[in-house]
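The values are calculated or read from the model by the stated rules, or taken from the named source; none is laboratory data. Predicted model only: the values in this text are computed from it and were never measured. Here Cβ is always computed from backbone atoms with ideal geometry, including for glycine, and neighbour counts include all displayed protein chains.
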Amino acid sequence: NQFSALTDSLTSSFSLLPSNTAKLTPTNISPALQKIREALISSDVNVNVADQLLDRVKDRAIGEKVKGSVTGEQYFTKLFYDELVTLMGGSPTSTDDDEKGLGNDSLEGGSIAYPKKKGEVTVVVMAGLQGAGKTTFTAKLGRYLQEVEVDKEQVEGMGKEELEGTLRTRLPRRMRKVLVAPADVHRPAAAEQLRVMCSRASVDVYTPTDSESTSAVAIAKGSVQAAKEGGYDTVLIDTAGRQTVNEGLMEELREVNKAVKPDEVLLVVDAMTGQEAADTTKAFDSAVGLTGAVLTKTDGDSKGGAAVSIKAVSGKEVKFVGTGEGVKDIDAFFPKRMASRILG
Ligand code: GDP
């Protein structure tokens, strides 16, 4: 079970709250608050973020008359859920359709900018530290943007045209034609690994010309040009990963960005690194400017600290999560869903 340690310790913290319908007061919620704080911090949530979250919940909880048959514990848990959703960039009042990405587009968790006009190409630059899962994620994202799984019952009886029409209206950001650019010129095996993953995902990979092959900027430019000529609408540029956040890496990213003016710059971070993932996101955003983050390895025994901290520490939303090593193991990030999972 994902984040089970956090879920368990939150559940036992909540049980310290008044079980009757008494008013919540600073005194009767204090033991619970203290335990929740410990639970968050030992799950690698950034300390300031934990305090910010608890302050908000406390402000709302104290003095409110708990209505009807709701217990203090239930009431507090609902407030905690709402504030956790907000902290991760969501809105607790969004509808189920918004959650599925079927409603207002802007609320689709995994949305990637898409071409406004036919013939335009959306450019996405992928950045990350080595080992974060960038190569794997680039292939996953390509597949995700190209393909849509449909609920059989929902579309039963529809002809092909009606089905495509329906999908296009409901999921306009999907069903794209994607080209991936292998612009990691520092690690010789990187391009080959990217090709293998993309071939599994049925995503096309750009082949740099001989003169481009040693320059990330040249490959990035060449791939965007090739995408325009080849009828692609989206280019994902896989840039070099490095062991640490360093100036050389940032400089190369800035040059690539200057050359191709990306619509999105996504940072891939590893959930297992906890709040460090949030700090890395902040550092990359200050140095090169990000449009969002991607949290990989949420299937492993990561403790939840990254998911909770990234938005609050860096100001950047998590757009997707990686949930395994396979090319289909990707989910749009929905704060409500993540908060429910954390609360168990
Ligand atoms: P890169 O150096 O950032 O390009 O990282 P890779 O894409 O090569 O991934 C590093 C390792 O993490 C590989 O063994 C991947 O299979 C693994 N990996 C990537 N994403 C996930 C994920 O979401 N879950 C799990 N369990 N493993 C992942």
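Somewhere in the stretch 267-281, is a residue within 13 Å of the ligand (Cβ to nearest atom), of a type in the set (S, T, N, Q) and not in a helix (DSSP H, G or I)?
No.
Of the residues that sit in the stretch 97-149 and are modelled with pLDDT of 90 or more and in a loop (DSSP other than H, G, I, E, B), which one is surrounded by the most Cβ atoms within 10 Å (Cβ to Cβ)?
Checking each candidate, the answer is 132.
Among residues belonging to the stretch 207-256 that are in contact with a strand residue (DSSP E or B) (Cβ under 8 Å, 6 or more places away or on another chain), in a loop (DSSP other than H, G, I, E, B) and hydroxyl-bearing (Ser, Thr, Tyr), point out the one that is farthest from residue 128 (Cα to Cα).
232
Kindly establish whether residue 322 is under 12 Å from the mean Cα position of the chain (by Cα) and of a type in the set (Gly, Ala, Ser). Break it down into steps so the answer makes sense when it comes.
Values: under 12 Å from the mean Cα position of the chain (by Cα): yes; of a type in the set (Gly, Ala, Ser): yes.
Answer is yes for this residue.
Of all residues being among the hydroxyl-bearing types (Ser, Thr, Tyr) and within 15 Å of the ligand (Cβ to nearest atom) in the stretch 231-266, which is surrounded by the most Cβ atoms within 10 Å (Cβ to Cβ)? Just the residue, please. Can you show your working first?
Of the stretch 231-266, the ones among the hydroxyl-bearing types (Ser, Thr, Tyr) are 232, 234, 239, 244.
Next cut, within 15 Å of the ligand (Cβ to nearest atom) only: 239, 244.
Details: 239: 28, 244: 8.
Checking each candidate, the answer is 239.
Any residue that is within 22 Å of the chain's Cα centre (by Cα), modelled with pLDDT under 95 and either away from the ligand (no atom under 16 Å from the Cβ) or within 17 Å of residue 232 (Cα to Cα) (or both) - is there at least one of those in the stretch 153-165? If you could, list the steps in order and put the result at the bottom.
Pass one, the stretch 153-165, residues within 22 Å of the chain's Cα centre (by Cα): none.
No, the stretch 153-165 contains no residue that is within 22 Å of the chain's Cα centre (by Cα), modelled with pLDDT under 95 and either away from the ligand (no atom under 16 Å from the Cβ) or within 17 Å of residue 232 (Cα to Cα) (or both).
Residue pairs, Cβ under 7 Å, 6 or more apart or interchain, first in the stretch 270-295 and of a type in the set (Ser, Thr, Tyr), second surrounded by fewer than 18 Cβ atoms within 10 Å (Cβ to Cβ) and not in a helix (DSSP H, G or I). List them.
280/245
What number of residues within the stretch 178-190 satisfy the criterion of being more than 17 Å from residue 255 (Cβ to Cβ) and either at pLDDT 95 or above or more than 13 Å from the ligand (Cβ to nearest atom) (or both)? Step through it out loud before you land on a result.
Here is the first cut: in the stretch 178-190, the residues more than 17 Å from residue 255 (Cβ to Cβ) are 178-180, 187-190.
Checking which are either at pLDDT 95 or above or more than 13 Å from the ligand (Cβ to nearest atom) (or both) leaves us with 178-180, 188.
The number of residues fulfilling the criteria is 4.
Restricting the search to the stretch 191-202, which residues are touching a residue at least 60 places away in the same chain (Cβ under 8 Å) and within 11 Å of the ligand (Cβ to nearest atom)? Give the steps one after another, and end with the answer.
Looking only at the stretch 191-202, we keep the residues that are touching a residue at least 60 places away in the same chain (Cβ under 8 Å), and these are 197-198, 200-201.
Across the stretch 191-202, the qualifying residue is only 197.
Could you check residue 18 against (1) without any contact (Cβ under 8 Å) to a residue 60 or more places away in the chain; (2) in a helix (DSSP H, G or I) and say which number it fails?
(2)
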